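Have a look at the structure below, then the notes.
What follows draws every value from the coordinates through simple rules; no lab data is involved. Fair warning: this is a prediction, and the values are worked out from it, not measured in the lab. Positions of Cβ are backbone-derived with ideal geometry, glycine not excepted, and every protein chain shown enters the neighbour counts.
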Amino acid sequence: CLNCKISVRYSEETLAAAGFDPAKYANKMFHEGEGCIECNGSGYRGRTAIHELLDLSDHIREMIVEKKPTSEIKRRAHLEGITFLRESAITKVLEGKTTLREINKVTFIE
């Protein structure tokens, strides 16, 4: 919520638990919503999407047909430039569009 958004610094433990490098982000200001009448006390207003889209290249399609392990397919997709769900969410946190707490509810650290 833009009305009640505040700047916060997360502890090194919180950053590490969320998959952030504490040395790199220790002094970074993040944002959280305190909650107000505009957002009905939630700290959030509106919606924003995080996404992961797998482009089925010929190589990935072959891997799926050959029933290769998911880990291999994900590794190949990453090499081909896919942005995973967690990475998309982290970008939104760094842009100040959502909070670390919120992305930890809906994505997993890999």
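Taken one residue at a time, the phi angles of segment 14-29 give Karplus couplings (6.51, -1.76, 1.60, θ = phi - 60°) of 5, 4, 4, 5, 8, x, 8, 7, x, 5, 7, 10, 4, 9, 6, 8 Hz. Gly and Pro are set to x. Each residue, ARG101 and GLU62, gets one label point 7 Å from its Cα in the Cβ direction; the gap between the two is 4.9 nm.
Packing here is the average count of other Cβ atoms within 10 Å per residue, and on that basis the peptides 54-63, 79-88, highest first, run 79-88, 54-63. Every helix of 4 or more DSSP H residues in the chain counts as -39500 (n - 2.57), and over all residues that averages to -10500 deg cm²/dmol at 222 nm. In this simple spin-label approximation, SER71 and ALA49 carry label points 7 Å from Cα along the Cα→Cβ vector, and these lie 3.2 nm apart.
Suppose we look only past 15 Å in the calculated P(r) of segment 15-63. What percent of the Cα-Cα pairs does that tail hold? The answer is 71 percent, as a whole percent.
According to the Kirkwood relation over distinct C-alpha pairs, the hydrodynamic radius of the chain is 15.9 Å. Using a cut-off of 18 Å between Cα atoms, the listed pairs LYS5/LYS92; LYS74/LYS97; LYS28/LYS105; LYS28/LYS92; LYS28/LYS74 include LYS74/LYS97; LYS28/LYS105; LYS28/LYS74 as exceeding that distance. Between GLU87 and MET29, the distance separating the two model label sites (each 7 Å from Cα on the Cα→Cβ line) works out to 2.9 nm.
If I stretch the segment between ARG9 and CYS36 completely, what's the gain in nm (0.36 nm per residue apart, minus their alpha carbon distance), one decimal? Could the numbers behind the result be given before it?
Working: separation 27, 0.36 × 27 = 9.72 nm, distance 2.08 nm.
Residue separation times 0.36 nm, minus the Cα-Cα distance, leaves 7.6 nm.
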